[in-house]
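The values are calculated or read from the model by the stated rules, or taken from the named source; none is laboratory data. Everything numeric in this text was worked out from a predicted model, so none of it was measured. Glycine gets a Cβ as well: all are built from the backbone with ideal geometry, and neighbour counts include every protein chain shown. Please note that ligands, DNA and RNA were not included when accessible areas were found on the heavy atoms of the full protein model with its side chains. Shrake-Rupley method; radii C 1.70, N 1.55, O 1.52, S 1.80 Å.
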Amino acid sequence: MNQPALDQARMEEFGSRALDVLNKAGVAVMMSVGHRTGLFETMSGLAPSTASEIAQAAGLQERYVREWLGAMVTGRVVEHDSDTGTYRLPPEHAAFLTKAALTNNIAAFSQAIPLICNVEDEVVECFRNGGGVSYASFTRFPDVMREWSAPTFDVLLVDKILPLAPGLVESLTGGIDVLEVGCGSGRAVNVMARAFPRSRFVGYDLLPEQIATAGSEASAWGLSNARFDVKDVARISDAEQYDLVVAFDTVHDQAHPDVLLARVASVLRRGGRFLMWDVAASSHLHNNADHLLGPFLYAVSCMHCMTVSLAQNGQGLGAMWGQEKAMAMLADAGFSNIQVHRVPEDPINCCYLATKA
């Protein structure tokens, strides 16, 4: 069979794009390094400086800093003056690379790239043999997730997210019972407990170290209305004990999200509400073709969210399970009045609000 003639222009365009992918992958890894070593924070407070001066200010080794700066300059992240041998981080760039950027801190999110690359060998084996990669293989994942989510909870949760549900802030102010499933290190529970001292908050998570961190923070903050327990959220049995259940980026990771959603409905009192914060996407690939973070989110889903579910013989929905699937599963679990909202400050997630029928 004769092969069709190659479209030379199309081939050259893709070749150029593929090289750009390699370059940007290198920039992403170096951005993660810059975040973890504090180099972006250091440079944001410096006048144009030499590599030696930057290294000294950051308390790092000059040779490594100099090579890192090479990646940042060629990646158009840092400016370089060859006449003076100095480097400068423009404030317009620092606005997306330092802790002051809060939910817009792309450098913090760039940690996902080396994080998922650590399990590449295991995922490749899963491609060949099936199964999944367990949570235990993602050694830094809890710390990275805590760092990603803290700005959302500290800045957006009380003032932007909770008010999306009509009357919810007033109910929390008056005093209701709230549960977070998959609470991780407990930041959301503690932030809400501090803001609404008359309400009572509980956080469940499967990892003891996460619960210990949550409890320590609650004690440090002097909270008497927040408690945490190690518990498999797919097996909770606190029948009709809560007025509000929240879940932040945890449902799609579950082995059986449908079971969890049914459990959530069972622990809510009649008319209780469920607030689910999850990835904003469509369940249909063609609708995600122009998604701002489509390649990144599908990659993270393949390398973490989907595989940790499959490791538990689960459904493996992945992060890109999408709005259509999520709404159908919420309805099947017994929820009504299902609504979806976006918060402009968060480019990744949306807020599902649903009421127990």
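Do we find that VAL230 is within 23 Å of SER301 (Cβ to Cβ) and touching a helix residue (DSSP H, G or I) at 6+ places or on another chain (Cβ under 8 Å) in this structure?
Values: within 23 Å of SER301 (Cβ to Cβ): no; touching a helix residue (DSSP H, G or I) at 6+ places or on another chain (Cβ under 8 Å): yes.
When the stated conditions are applied, VAL230 does not pass them.
Does GLY184 satisfy being assigned to a loop (DSSP other than H, G, I, E, B), touching a residue at least 24 places away in the same chain (Cβ under 8 Å) and under 18 Å from THR307 (Cβ atoms)? Lay out the reasoning, then the answer.
Details: assigned to a loop (DSSP other than H, G, I, E, B): yes; touching a residue at least 24 places away in the same chain (Cβ under 8 Å): yes; under 18 Å from THR307 (Cβ atoms): no.
No; evaluated as a whole, the condition is false for this residue.
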Note on the range 149-182: residues closer than 19 Å to VAL267 by Cβ and open to solvent by 10 Å² or more (accessible area, probe 1.4 Å) are SER171, GLY175, ILE176, ASP177, GLY182
Within the range 221-241, the residues that are open to solvent by less than 50 Å² (accessible area, probe 1.4 Å), over 18 Å from SER185 (Cβ atoms) and under 26 Å from the mean Cα position of the chain (by Cα) are ALA234, ILE236
What are the residues in the range 221-246 that are in contact with a Gly (Cβ under 6 Å, 6 or more places away or on another chain), of a type in the set (A, V, I, L, M, F, W, C) and outside any helix (DSSP H, G or I), if any?
-> PHE228
Is there any pair with a first residue in the range 232-255 that is at positive phi and a second that is open to solvent by 40 Å² or more (accessible area, probe 1.4 Å) and part of a strand (DSSP E or B) whose Cβ atoms are under 6 Å apart and which are 6 or more apart or on different chains, and what are they?
-> GLU240/ARG269
When only residues in the range 82-105 that are at pLDDT 95 or above and of a type in the set (A, V, I, L, M) count, which is surrounded by the fewest Cβ atoms within 10 Å (Cβ to Cβ)?
-> ALA95
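Show me the helices (runs of 4 or more DSSP H) found entirely inside the range 287-357 where at least 1 residues are closer than 24 Å to GLY130 by Cβ, free of Cβ contacts under 8 Å to residues at least 24 places away in the same chain and open to solvent by 10 Å² or more (accessible area, probe 1.4 Å). Full working, then the answer.
Values: elements: 294-300, 306-310, 322-332.
Per the criteria, 294-300.
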Just one of (1) surrounded by 20 or more Cβ atoms within 10 Å (Cβ to Cβ); (2) at pLDDT 95 or above; (3) part of a helix (DSSP H, G or I) trips up SER216, so point out which.
-> (1)
Could you tell me whether any residue of the range 34-42 is over 20 Å from PRO114 (Cβ atoms) and at pLDDT 95 or above?
-> yes
